[in-house]
Amino acid sequence: MFDIIGSGIAGLTCSHILSQSHIKHTILEKETTSPEEHYGIQITPNATNILAKIGLLDSILPSMHVINNIEIISFRNLKTLTKLPVNEFILNNNLSKYYTTSRKVLHDHLLNAVIRNGTNINDRKNISDIIDHGGHFDLRYNENNTKVSQGIIIASGSSKKPIFKNIHIKQTSTNFLTLRAVIEQKEFPFQVKNDSIYVFLSEDMHLVVYPFFEGKLNIVLITKKDNLHLDSASINNFKCTESTFHEFLNSTNWTIWNLNDYKTKLSLDKNRPIFVIGDAAHTIKPHLAQGASMAIEEAYFLAKTISNNSDPQIIHEVMGKRDARIRKIIRRSSLNRFIFHSKQPLSFFRDIYLRNKKPISHLNSLKWLYKYEV
Ligand SMILES: Cc1cc2nc3c(=O)[nH]c(=O)nc-3n(C[C@H](O)[C@H](O)[C@H](O)COP(=O)(O)OP(=O)(O)OC[C@H]3O[C@@H](n4cnc5c(N)ncnc54)[C@H](O)[C@@H]3O)c2cc1C
């Protein structure tokens, strides 16, 4: 019997697969409802392959956009630097498709599947601490309450304060901000196609735009703190963007939050049935759009491994085989941030490189990520 802490993407995916294997479990969630706002999420072929395998892709398909191209554009003159042929890459490699959708839509589909499975979701259970007594665990929740648990799956997302002493989180930097907005297509000062993701590159700032829900566009801008006057929410480095964007950037009603860097280290006792998945297990920068996809991958691996083994040591060992892949994804997302945010003269060479390299070769260099056999 397992207790899953957190009913986010990782926790719900894990629960659904455990149910398919008739493994008993419950979910403990600190909130009551699913995420309220529709914000965009990219679901890449490595994750859509899993959603198909667990029988959930078909029902979500009507609410998703198929992505055929990723266009990288210079913010300085709005010229295309390169257009990555996602569809061609997918066909060449016989992969599942690349989609965008709303995070709430994905969450609601997962939640409905878990409810249909009859799994008990205990809302308003805010776990503050886990104590390992050797034979069992105590889960402390809502200040004074305790639940005894025989096995735990921590899927509680990213947090500055870990809920278990064997999860170590270190903040490594604080100098980036994320700005997000959802707008109508006509409000965006650039023509976008429904099957494409657009990445606008400037210096020390980049903007990602894609269609995701009810004809709307999801826009995410990541920039250094110095580039933004937070009191007036005006973007400071206009010199790096084409002039038609100035008014748009200043008049958009952004939701703004800090994008801090963290390092998460797990030192779990391999003899104990306690496992960590999703954002609770690692911090991946958003520059490779892999947070949710990794939550799905890990949930799948853990639940399948638990379905085939009851020995915690074997389960930890199998999960440990994913470490190299996670490290590579963390490195690659850091490299993307370095490239996306580079300044002159590096940004000049970056743009030349992007213009001259064969577009498909950018995607071929990510075959290890998207073509992941499960
Ligand atoms: C701006 C932005 C854009 C993104 N874009 C993408 C993208 O395009 N593609 C992509 O793959 N990923 C993207 N991500 C990342 C993605 O949203 C996350 O990586 C993903 O949601 C992680 O899933 P999770 O289940 O681990 O955590 P979460 O989805 O955060 O779920 C954690 C759950 O645990 C609950 N919880 C937390 N603490 C406790 C507690 N103490 N007790 C009980 N319950 C608790 C929470 O309420 C929540 O329900 C983006 C993230 C951001 C911020």
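Residue under question is Ile5, and the condition is that it be in contact (Cβ under 8 Å) with a residue 24 or more places away in the chain and either surrounded by fewer than 19 Cβ atoms within 10 Å (Cβ to Cβ) or touching a strand residue (DSSP E or B) at 6+ places or on another chain (Cβ under 6 Å) (or both); does it hold? Please lay out each step first, then the result.
Working: in contact (Cβ under 8 Å) with a residue 24 or more places away in the chain: yes; either surrounded by fewer than 19 Cβ atoms within 10 Å (Cβ to Cβ) or touching a strand residue (DSSP E or B) at 6+ places or on another chain (Cβ under 6 Å) (or both): yes.
Yes; evaluated as a whole, the condition is true for this residue.
Suppose the filter is among the charged types (D, E, K, R) and outside the structural domain of Thr48 (by TED's automatic domain parsing); does Arg180 pass it? Lay out the reasoning, then the answer.
Working: among the charged types (D, E, K, R): yes; outside the structural domain of Thr48 (by TED's automatic domain parsing): yes.
Spelling it out, Arg180 is indeed among the charged types (D, E, K, R) and outside the structural domain of Thr48 (by TED's automatic domain parsing).
Restricting the search to segment 190-219, which residues are more than 19 Å from Asn69 (Cβ to Cβ) and exposed (fewer than 14 other Cβ atoms within 10 Å of the Cβ)?
Once the filter is applied, which keeps residues that are more than 19 Å from Asn69 (Cβ to Cβ) and exposed (fewer than 14 other Cβ atoms within 10 Å of the Cβ), segment 190-219 yields only Glu214.
Taking interchain pairs and intrachain pairs at least six residues apart, which have beta carbon atoms under 9 angstrom, with the first residue in segment 120-139 and more than 22 Å from Arg272 (Cα to Cα) and the second among the basic types (Lys, Arg)?
Going by the 9 Å Cβ cut-off, the qualifying pairs are Asn122/Lys147; Asp123/Lys30; Arg124/Lys30; Lys125/Lys30; Lys125/Lys147; Asn126/Lys30.
For segment 1-92, please list each of the strands (runs of 3 or more DSSP E) lying entirely inside it that holds at least 1 residues being within 10 Å of the ligand (Cβ to nearest atom), within 16 Å of the chain's Cα centre (by Cα) and of a type outside the set (Val, Ile, Thr).
Details: elements: 2-5, 25-28, 40-43, 69-74, 80-85.
Result: 40-43.
Answer with yes or no whether Lys265 is more than 9 Å from the ligand (Cβ to nearest atom), of a type outside the set (Ser, Thr, Tyr) and either crowded, with 22+ Cβ neighbours inside 10 Å or in a strand (DSSP E or B) (or both).
Values: more than 9 Å from the ligand (Cβ to nearest atom): yes; of a type outside the set (Ser, Thr, Tyr): yes; either crowded, with 22+ Cβ neighbours inside 10 Å or in a strand (DSSP E or B) (or both): yes.
In short, yes.
Which ranges mark the strands (runs of 3 or more DSSP E) fully within segment 130-195 that have 3 or more residues being under 22 Å from Met294 (Cβ atoms) and at pLDDT 90 or above? Step through it out loud before you land on a result.
Numbers: elements: 137-141, 145-149, 152-154, 167-184.
Passing ranges, in order: 152-154, 167-184.
Can you tell me which residues in segment 93-117 are part of a loop (DSSP other than H, G, I, E, B) and among the basic types (Lys, Arg)? Let's see the steps before the verdict.
Within segment 93-117, the first condition is being part of a loop (DSSP other than H, G, I, E, B), and the residues that meet it are 94-98, 117.
Within segment 93-117, Lys97 is the sole residue that qualifies.
Of all residues in segment 214-234, which are under 24 Å from Leu288 (Cβ atoms), at pLDDT below 85 and of a type in the set (A, V, I, L, M, F, W, C)?
Selection gives Leu228 alone.
Residue by residue, here is whether (1) within 13 Å of the ligand (Cβ to nearest atom); (2) more than 17 Å from the chain's Cα centre (by Cα); (3) hydroxyl-bearing (Ser, Thr, Tyr); (4) at pLDDT below 95 holds:
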{"position": "Gln290", "(1), (2), (3), (4)": "yes, no, no, no"}
{"position": "Ile296", "(1), (2), (3), (4)": "yes, no, no, no"}
{"position": "Tyr300", "(1), (2), (3), (4)": "yes, no, yes, no"}
{"position": "Lys304", "(1), (2), (3), (4)": "no, yes, no, no"}
{"position": "Asn308", "(1), (2), (3), (4)": "no, yes, no, no"}
{"position": "Asp311", "(1), (2), (3), (4)": "no, yes, no, no"}
{"position": "His316", "(1), (2), (3), (4)": "no, yes, no, no"}
{"position": "Gly320", "(1), (2), (3), (4)": "no, yes, no, no"}
{"position": "Arg325", "(1), (2), (3), (4)": "no, no, no, no"}
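Among the residues of segment 353-368, is there at least one that is buried (at least 16 other Cβ atoms within 10 Å of the Cβ) and more than 28 Å from Ile90 (Cβ to Cβ)?
no
The values are calculated or read from the model by the stated rules, or taken from the named source; none is laboratory data. If you're wondering where the values come from, they're calculated on a predicted model, not measured in any experiment. Cβ sites come from the backbone with ideal geometry, for glycine too, and all protein chains shown count toward neighbours.
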